[in-house]
Structures are given as C-alpha cells and as structure tokens.
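Below is one structure, written out as structure tokens; the observations come after it.
The values are calculated or read from the model by the stated rules, or taken from the named source; none is laboratory data. Please read all numbers here as calculations on a predicted model, not as lab measurements. All Cβ positions, glycine included, derive from the backbone under ideal geometry; neighbour counts span all protein chains shown.
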C-alpha cells in the first residue's frame, strides 16, 4: 500500500502592494478577502499545514488570518518574493508535521481554486517529478508544488523567487495549463476586472 502524500502550503502575503496603494490581501472577494479566499481553496484541497508569510502589513494582515494557519513574519519582505518564500519554507520545515511537498500560493491569485490544486497533487503523485507548476507563456510559474527534496534550494533564492528552480534544466517540472488561474491582482484595475 502506498503511503499518502502530506502536502502543505505556503501562502505569500508579505508584499507592500505599492502598485495597488492599499492592503490588497484584505480586499473583499466573494464572501471573504483575497487572502481568505486563497486560504479556503487551500483548505478545500486538503493542504495541511498552511503557512502564511506576512511582512509589509504584518499586523493588519496577521490579525485577519484564521487560527488554523501558521503565520510567519518575514522581516526582510522588502528584499522580494525570494525572501518571503524562504521564510515560509523555513517555517513549514520547523513544524511537527513532516510534509512530502509544499504548494506555493500567492495571496493575490484568487482564480486558483481547490480543484486545480487537487489536479497538481494528482499529477505530483501519478507522474513522478520534482515540481508541478502553472504554465505561463514565458514558462513555469506559481502556483507551484515542490517536492520536499527541493526545500534547501527554495531557501536560497533571489528576488525572482521560485523561477530559478522551476526553469532549471536540472529538475523535472510538470506544467498545468489553466490560463484563468494566472490572474494576479496587482493593480486596482485588475481587482475591478476580477469582480466583473
């Protein structure tokens, strides 16, 4: 009998949202907020444990998080997404639950739904690989599911985040093509588009 995979999640919510001009993680979406919706999708996909990396607006965003997630404060959030990803991976490695892999999610990608995350897990389980990622015109990107053997590499990233791993020829990356999931709410105009 095959041992079931334990897949955790790291939700990146540490940015300052300079282009938006306000705390985008807490903008209303559906019956909750942008980050709340992403967390709901992660929970529905049975990702556990879930770490949420906060930074620029740590107090405001942190207070809005449910008690079922583990907050991780990235004091170096201004260094970019790579430092937030490293912070989240370090936190998940410190938890008592040992995971087989981790799903990297962005707090401002609300079109990533539980069914897509479950597809990632099935692909990871059925088609041996190092990672599963969303397909973009420029190559692999987030959300992405990484095997635990890549955690060390994920703690040593630059400002390009996980792209260094996802686009390396050293790893087997399976890609999922789901264009609607690429929507990243970085501007107020993108937020308005999301609500239509």
Q) Quick one: in the range 39-64, which of the residues that are surrounded by fewer than 17 Cβ atoms within 10 Å (Cβ to Cβ) and either more than 17 Å from the chain's Cα centre (by Cα) or at pLDDT below 95 (or both) is nearest to residue 144 (Cα to Cα)? A) 62
Q.
Please go through (1) surrounded by 24 or more Cβ atoms within 10 Å (Cβ to Cβ); (2) over 21 Å from residue 80 (Cα atoms) for residue 126 and return the number of the only condition it doesn't satisfy.
A. (1)
(Q) Return the residues of the range 36-76 that are closer than 24 Å to residue 165 by Cβ, in a helix (DSSP H, G or I) and in contact with a helix residue (DSSP H, G or I) (Cβ under 6 Å, 6 or more places away or on another chain); say none if nothing qualifies. (A) 41
Q) Regarding residue 100, is this residue out of contact with any helix residue (DSSP H, G or I) (no Cβ under 9 Å at 6 or more places or on another chain) and over 17 Å from residue 184 (Cβ atoms)? A) no
Q.
Scan the range 67-82 and tell me whether some residue there is within 22 Å of residue 145 (Cβ to Cβ) and under 13 Å from the mean Cα position of the chain (by Cα).
A. yes
Q: Kindly provide the set of residues from the range 133-192 that are crowded, with 19+ Cβ neighbours inside 10 Å, in contact (Cβ under 8 Å) with a residue 60 or more places away in the chain and farther than 20 Å from residue 42 by Cβ, ordered by number.
A: 157, 191
Q: Answer with yes or no whether residue 110 is buried (at least 17 other Cβ atoms within 10 Å of the Cβ) and under 26 Å from residue 24 (Cβ atoms).
A: yes
Q | Index of the failed condition, residue 122 passing every other in (1) within 16 Å of the chain's Cα centre (by Cα); (2) closer than 18 Å to residue 43 by Cα | A | (1)
